[in-house]
C-alpha cells in the first residue's frame, strides 16, 4: 500500500512551541490527522489546540523525553502505515503532501522519504560523495540520510527490518541531535532506500521550535547534547576509542574557552562552553543524556 491522505499521519513533537506551532498546523491540510506529543506537559496547550483544530490530537508526556522518544510515543498511537515527522518550526507548501504522494508512486521501495527544504544554502539531506551521487531536482533521488525536521517513515516497512524489530524506530538514548542520522544509518544498513522528493517543498525556520525567551537555557542544552550525541553516535556505530578521539579536540577547545571567558567575566559564554565540555565528559563516562534545560512552565 502506498502513501495516501487516509494512510498518513503527521507527528509533531513540541516543547514550549506555541510561538511557531500554529503556523505549522495551519499549513497542513485539514483532512490529515495530526498527533502532537507535547514534552512541556502543558494541559492548557492541549486544550487549546484540540479545541481549535479538529484534526489534532495532543498527547502529553509526563516529562521532557526528547525528540526521539517523543516521536516513538506518537508512532505508538498511529493508525496509519506512514508517519510524517515534522518539527513545530516547519511549514508546508500547498502541494507538499500531494507531491510526496506522487513521488512515492514512482519509487519501488523505501524506508524513509523526505520533502526538500526551500533553503538551498542548507540542504536537508546527505549523499554519498564517493559514488558521485548527483541530486535530481525533478524526480525523487536516493540519499544517505535526511534531516529529522521533516521525514516520512514507512512504518510497515521498517517494522519488517531486523534493525527495527526489537529496537524501536528512534533510539531514545538520544535526547536531541543525531537521532535522525541514527535511524537513517540503520535503514541503509538494511539495504533499504531513503529518498528525497524535490517537488515536495517545506520551509524550516531552524532553531525556533522553543520560545525565544528561553534562548540561553536552550543554548546550554544544545551544547550539552550536541557533544554527548556525537560521542554516543560514534561509540554506537564505530567504537568507544573512535568516539573518544573524535570528540577530544572539541572537549579541549571548550575547556580552554571556558577558562578564557571566566577570566574576562563573560558568564554567559563561559556557561555555554562549560556545558559543552560536560556533555563530552558525561558521554565519556557512559552516563545517559540526562541534562534538561532549566525552564519553569
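The values are calculated or read from the model by the stated rules, or taken from the named source; none is laboratory data. Remember, predicted model here, so these are calculated numbers, not experimental data. Note: ideal-geometry Cβ built from the backbone for every residue, glycine included; neighbour counts use all protein chains shown.
Quick notes on this one:
- Number of the condition not met by residue 176 [criteria: (1) at pLDDT below 95; (2) under 27 Å from residue 234 (Cβ atoms); (3) part of a helix (DSSP H, G or I)]: (3)
Conditions tested, residue by residue: (1) out of contact with any strand residue (DSSP E or B) (no Cβ under 9 Å at 6 or more places or on another chain); (2) at pLDDT 95 or above; (3) under 27 Å from residue 111 (Cα atoms); (4) in a loop (DSSP other than H, G, I, E, B).
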site: 167; (1), (2), (3), (4): yes, no, yes, yes
site: 184; (1), (2), (3), (4): no, yes, yes, no
site: 200; (1), (2), (3), (4): no, yes, yes, no
site: 214; (1), (2), (3), (4): yes, no, no, no
site: 217; (1), (2), (3), (4): yes, no, no, no
site: 230; (1), (2), (3), (4): yes, yes, yes, no
site: 260; (1), (2), (3), (4): yes, yes, no, no
site: 265; (1), (2), (3), (4): yes, no, no, yes
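- Considered as a group, the residues in segment 156-165 that are part of a helix (DSSP H, G or I) and in contact with a helix residue (DSSP H, G or I) (Cβ under 8 Å, 6 or more places away or on another chain) include one that is nearest to residue 103 (Cα to Cα), and that residue is 158.
- For segment 235-246, the tally of residues that are without any contact (Cβ under 8 Å) to a residue 60 or more places away in the chain and either under 13 Å from residue 173 (Cα atoms) or in a loop (DSSP other than H, G, I, E, B) (or both) stands at 3.
- Annotation: of all residues in segment 277-297 being at pLDDT 95 or above and over 21 Å from the mean Cα position of the chain (by Cα), the one that is surrounded by the most Cβ atoms within 10 Å (Cβ to Cβ) is 277.
- Check on residue 153, in the same structural domain as residue 81 (by TED's automatic domain parsing), assigned to a helix (DSSP H, G or I) and closer than 28 Å to residue 18 by Cα: no
- Elements of the type strands (runs of 3 or more DSSP E) sitting completely within segment 1-97 and holding at least 1 residues that are surrounded by fewer than 22 Cβ atoms within 10 Å (Cβ to Cβ) and free of Cβ contacts under 8 Å to residues at least 60 places away in the same chain: these cover 33-38, 56-60.
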